[in-house]
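Written out below as structure tokens is the structure these notes cover.
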Amino acid sequence: MKLYNSLSHEKEEFVPYTPGKVKMYTCGPTVYHFAHIGNLRTYIMEDVLEKYLRYSGYDVKRVMNITDVGHLTSDADTGEDKMLKGARREHKTVMEIAQFYTDAFFADCAKLHIRTPDVVEPATHCIPEFITMVQGLLDRGYAYVADGNVYFDTSKLDKYYVFHNFEAEDLEVGVREGVEADERKRNKTDFVLWFTKSKFEDQELKWESPWGLGYPGWHIECSAISIKHLGEYLDLHCGGIDNAFPHHTNEIAQSEAYLGHPWCKYWFHVLHLNTATGKMSKSSGEFLTVSLLEEKGYDPLVYRFFCLGSHYRKALVFSWEALDNAAAAYRKLVSRIAALDPAATGENAETAAALRAQFDEALGNDLNTSLGVTVLYDVLKAPLSDARKLALIGEFDGVLSLGLLDAAEREREAASAAPAADDALTAKIEEMIAQRAAAKKAKDYARADAIRAELSAMGVTLKDTPAGTEYTIG
Ligand code: AMP
Ligand code: ZN
């Protein structure tokens, strides 16, 4: 496969250290709040990458951390721990909110068909590994202790800015946004490996260390967790583009200084999801979640379909209108699949092979998911038996994970159940749905709820979608 590598700024042939095996690391969520759908865009695209590598025959081991300590509100090491802020907001302990939002994250992932990585490791479970790595960096002369904190010394490196060639003024980036500088640092770009001192003295979780009672910096977590589970040589590291600097830059600095050799071969960065008013972030701006999409009647897989329609290296602008378009296209695609007859068999191996090659060409060319989706339409149009089309769609959807066969099956079942229902009953249900819509329009929500309850007593379940109200019986 060809994959764009942020390190070389080029599309490269993907060649892992060990033939046939891929060691893949993903920066996991900071669990102080729900994931927003921007975060989830990154996890969706990483999921397709992982599944495509598996589809291509690689034995993939994927590791993800859960950031439950050390991720500060500023990149300049002077902020407050985001977890502590979240705990205070909710009057709970850090560990309580960590558990709650970790569970919420995986529940969202399940709804979006994002596979859980082989290893999921909370940072707070790896304190001894962090201490070993920080000690190793001190022993090798890459770190120093200043007033209780341990810092990585970036002046010891030949090249610190591995992803970009920053200009002198960009060196200020480490202290951007008018954030005050940490006077203990020898160089502006140095970063904290282990904190015992911060102006926020009420840090809830602290551990004994050779440098005093304290807690790890965010960057050391990913390096140490990756090395713990994937060893000294990593093939692929993923994250959103905002992680490239300083987080991934610092990960590379400390991992290579510690190991004494190059560490990760390929860096995969997903561009942001933005709203019309700007970037989506957990701390500010519009906060769109999977639950909100569901409340508004969208199937979460429609959001996945929306994401696959764009390339991961382009910023994507979210709007309800764009999501409505995706919902309509998704429904149409499912209907076309539902119309296929699984009993219609017959072979045309050549056409199937050509379609497989097309799918490979799309995904294998820097994960072109929108072209991959287009191949599904080509399958539907191809001179193949319906059974073969269904098999191919199932195969490709093993990578895209749009739940197409299940959705088509549900549609088929609903269609075959419908004629069995007595016509008078159907007319009554539709009449009641129309009355409910009118009540809602007139803002008479009590009446609308009463009609819904009456239908429910008749065994009719309603689902509001952007295209109108759907119902199921029984
Ligand atoms: P966090 O939970 O803040 O540590 O972020 C989890 C992941 O989401 C990281 O890989 C971030 O780079 C990524 N991310 C953050 N904001 C966005 C966004 N607006 N669009 C896409 N990915 C994002
Ligand atoms: Zn990370």
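A compact table of results
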quantity	calculated
L425, sole failed condition from (1) open to solvent by less than 70 Å² (accessible area, probe 1.4 Å); (2) part of a loop (DSSP other than H, G, I, E, B)	(2)
Counted residues, region 428-445 - those being open to solvent by 70 Å² or more (accessible area, probe 1.4 Å) and hydrophobic (A, V, I, L, M, F, W, C)	1
Single residue of L392, L371 found to be in a helix (DSSP H, G or I) and in contact with a strand residue (DSSP E or B) (Cβ under 9 Å, 6 or more places away or on another chain)	L371
Subset of region 395-422 [part of a helix (DSSP H, G or I) and open to solvent by less than 30 Å² (accessible area, probe 1.4 Å)]	F396, D397, V399, L400, L404, A407, A408
Single residue of region 1-44 satisfying the filter (assigned to a helix (DSSP H, G or I) and within 16 Å of ligand 2 (Cβ to nearest atom)) that is surrounded by the most Cβ atoms within 10 Å (Cβ to Cβ)	T42
Number of positions in region 261-280 that are touching a residue at least 12 places away in the same chain (Cβ under 8 Å) and more than 24 Å from L40 (Cα to Cα)	3
Selection count where residues are farther than 23 Å from L400 by Cβ and aromatic (F, W, Y), scope region 26-75	2
Pairs, first under 26 Å from L400 (Cα atoms) in region 114-138, second open to solvent by 30 Å² or more (accessible area, probe 1.4 Å), C-beta under 6 Å, six or more apart	D118/K61; V119/H229
Failed criterion for L193 (all others in (1) within 22 Å of the chain's Cα centre (by Cα); (2) away from ligand 2 (no atom under 13 Å from the Cβ) hold)	(1)
Residues of region 393-411 satisfying the condition of being among the β-branched types (V, I, T) and under 22 Å from Y43 (Cα atoms)	V399
Residue list for region 247-274, restricted to those being of a type in the set (S, T, N, Q) and open to solvent by 10 Å² or more (accessible area, probe 1.4 Å)	N274
Residue count for region 451-472, restricted to those that are among the aliphatic types (A, V, I, L, M), in a strand (DSSP E or B) and touching a residue at least 60 places away in the same chain (Cβ under 8 Å)	0
Residues satisfying the stated conditions in region 19-33, i.e. within 13 Å of ligand 1 (Cβ to nearest atom) and in contact with a strand residue (DSSP E or B) (Cβ under 7 Å, 6 or more places away or on another chain)	Y25, T26, C27, G28, P29, T30, V31
For A448: the one exception among (1) open to solvent by less than 30 Å² (accessible area, probe 1.4 Å); (2) part of a helix (DSSP H, G or I); (3) in contact with a Leu (Cβ under 9 Å, 6 or more places away or on another chain)	(3)
V317, sole failed condition from (1) in contact with a Leu (Cβ under 9 Å, 6 or more places away or on another chain); (2) in the same structural domain as D153 (by TED's automatic domain parsing); (3) surrounded by fewer than 20 Cβ atoms within 10 Å (Cβ to Cβ); (4) not aromatic (F, W, Y)	(2)
Residues that are farther than 25 Å from Y330 by Cβ and open to solvent by 60 Å² or more (accessible area, probe 1.4 Å), drawn from region 454-473	E454, S456, A457, M458
Any chance T67 is in contact (Cβ under 8 Å) with a residue 60 or more places away in the chain and either under 22 Å from G398 (Cα atoms) or open to solvent by 20 Å² or more (accessible area, probe 1.4 Å) (or both)	no
Filtered residue count, region 209-239, keeping only those that are more than 18 Å from Y144 (Cα to Cα), of a type outside the set (F, W, Y) and either open to solvent by 20 Å² or more (accessible area, probe 1.4 Å) or free of Cβ contacts under 8 Å to residues at least 24 places away in the same chain (or both)	5
Matching residues, region 90-111, being buried (at least 20 other Cβ atoms within 10 Å of the Cβ) and touching a helix residue (DSSP H, G or I) at 6+ places or on another chain (Cβ under 7 Å)	V94, I97, A98, D108, C109
Some residue of region 71-87 being away from ligand 2 (no atom under 16 Å from the Cβ), open to solvent by 20 Å² or more (accessible area, probe 1.4 Å) and assigned to a helix (DSSP H, G or I)	yes
Residue check for H36: in contact (Cβ under 8 Å) with a residue 40 or more places away in the chain, within 16 Å of ligand 1 (Cβ to nearest atom), touching a Lys or Arg at 6+ places or on another chain (Cβ under 8 Å) and farther than 27 Å from D366 by Cα	no
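The values are calculated or read from the model by the stated rules, or taken from the named source; none is laboratory data. In this text the structure is predicted, and so the values were computed from the model without any measurement. Positions of Cβ are backbone-derived with ideal geometry, glycine not excepted, and every protein chain shown enters the neighbour counts. Ligands, DNA and RNA are excluded from the accessible area calculation, which covers all protein heavy atoms including side chains. Shrake-Rupley method; radii C 1.70, N 1.55, O 1.52, S 1.80 Å.
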